[in-house]
Amino acid sequence: MDKPQRVVLQERDAAGTLTRTAVSHIGFSMPDPAAAARFYGRVLGLVVHDELPGGGLSLGWGAGHHVLDLLPGEKGLRHYGFEVRDADGVEGIAERLAAAGHTVSELDPAHIDAAVGAPQGISVADPHGTEVRFHTAVWRQGESAADPGRRPIKYQHITLGTDDVEKMTGFFVDVVGFRISDQLADGRFAWLRSDRDHHTLAVVNVGRGGDIDHYSYDLSEWADFKAWCDRLTDEGVDVTWGPGRHGPGNNLFVFFDDPAGNHIELSAEMEKFHDDRVTYVPRRWQPIPNSVNLWGGQLPTWRHTSEGK
């Protein structure tokens, strides 16, 4: 069998414009938001911040901006958001999106917690039609005060599923302003950064678009993983992948699923980038299991690579 074609994803135009942008919040539709909210409270320590129209719930950690919206409906990704702390960042993103032919809307104030300052934002559809939100800085005290033994430190990144990695990467790199940190050499997986963390966003080819592959919360250190794996077991939640260490990002990981089947990652020790001090060329990893899991290449049923076993 012929080996897959090698692909080099390019950085053009606005690449690297954003250096102080992080994930903000994420919204899912699922059959039973109330049951899912109980799960997220019991397992991750999230509490209900607000009731949303139509029976949805907004969840977060104590004071500060919300992290998660749970909306009634069939399982799916409804929206995802980024907090832009770059100077003139939201305005710049809006201008670049409009110049590239995307329809940009002002973000509904109802989508931003009223008690976290006075943020402004925009909304746009990504190449698969999913709503992406970009807003200015908000207060996140609930995350910084988290107890890593019982609650993650923060919501850290999202990995989108797609059938066109190059198009999705081009949208976020060439227009929005992210940079490419790493990719698999077959072009089927790319990791993108918008601050010092190795990735705040990743894109993986799963044969279709418009949904997530997984999303991730940060723990503090390796010692936390033992306590968390024991805790998940006590709560009747199966560990579906890990513990392990990724090649791209070099971060430690363990995975489990929420009641709707969304893959959740707990992560720590993410690689950091200092773009103001170095010149960096994105690495191209072999598309084999041992690249995405350095500790022996074990993979879950839902993760595949184009080469290797």
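The values are calculated or read from the model by the stated rules, or taken from the named source; none is laboratory data. Because the structure is a prediction, the values reported are computed rather than measured. Don't worry about glycine lacking a Cβ; one is built from the backbone with ideal geometry, like all the others, and counts go over all protein chains shown.
Remarks
- Residue satisfying condition, being buried (at least 19 other Cβ atoms within 10 Å of the Cβ) and modelled with pLDDT under 95, within set TRP228, TRP222: TRP228
- Tally of residues being more than 14 Å from the chain's Cα centre (by Cα), at pLDDT 95 or above and surrounded by 18 or more Cβ atoms within 10 Å (Cβ to Cβ) across the stretch 63-88: 5
- Residue match in the stretch 261-268 (condition: buried (at least 20 other Cβ atoms within 10 Å of the Cβ), among the polar types (S, T, N, Q), under 30 Å from ALA87 (Cα atoms) and in contact (Cβ under 8 Å) with a residue 40 or more places away in the chain): yes
- Of the residues making up the stretch 197-219, those that are in contact with an Asp or Glu (Cβ under 8 Å, 6 or more places away or on another chain) and surrounded by fewer than 17 Cβ atoms within 10 Å (Cβ to Cβ) are GLY207, ARG208.
Residue-wise test of (1) under 22 Å from GLN10 (Cα atoms); (2) outside the structural domain of ASP126 (by TED's automatic domain parsing); (3) among the polar types (S, T, N, Q).
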{"site": "GLY170", "(1), (2), (3)": "yes, yes, no"}
{"site": "GLN183", "(1), (2), (3)": "yes, yes, yes"}
{"site": "GLY187", "(1), (2), (3)": "yes, yes, no"}
{"site": "TRP191", "(1), (2), (3)": "yes, yes, no"}
{"site": "ARG196", "(1), (2), (3)": "yes, yes, no"}
{"site": "ASP218", "(1), (2), (3)": "no, yes, no"}
{"site": "TRP228", "(1), (2), (3)": "no, yes, no"}
{"site": "GLY242", "(1), (2), (3)": "no, yes, no"}
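- All positions within the stretch 54-96 that are part of a loop (DSSP other than H, G, I, E, B) and of a type in the set (D, E, K, R): GLU74, LYS75, ARG85, ASP86, ASP88
- Odd one out for LEU192 among (1) within 23 Å of GLY129 (Cβ to Cβ); (2) in contact (Cβ under 8 Å) with a residue 40 or more places away in the chain: (2)
- Breaking point among (1) out of contact with any helix residue (DSSP H, G or I) (no Cβ under 8 Å at 6 or more places or on another chain); (2) under 22 Å from LEU44 (Cα atoms); (3) not small (Gly, Ala, Ser), for ARG193: (2)
- Pairs with Cβ under 9 Å, 6+ apart, first in the stretch 290-306 and without any contact (Cβ under 8 Å) to a residue 12 or more places away in the chain, second aliphatic (A, V, I, L, M): HIS304/VAL206
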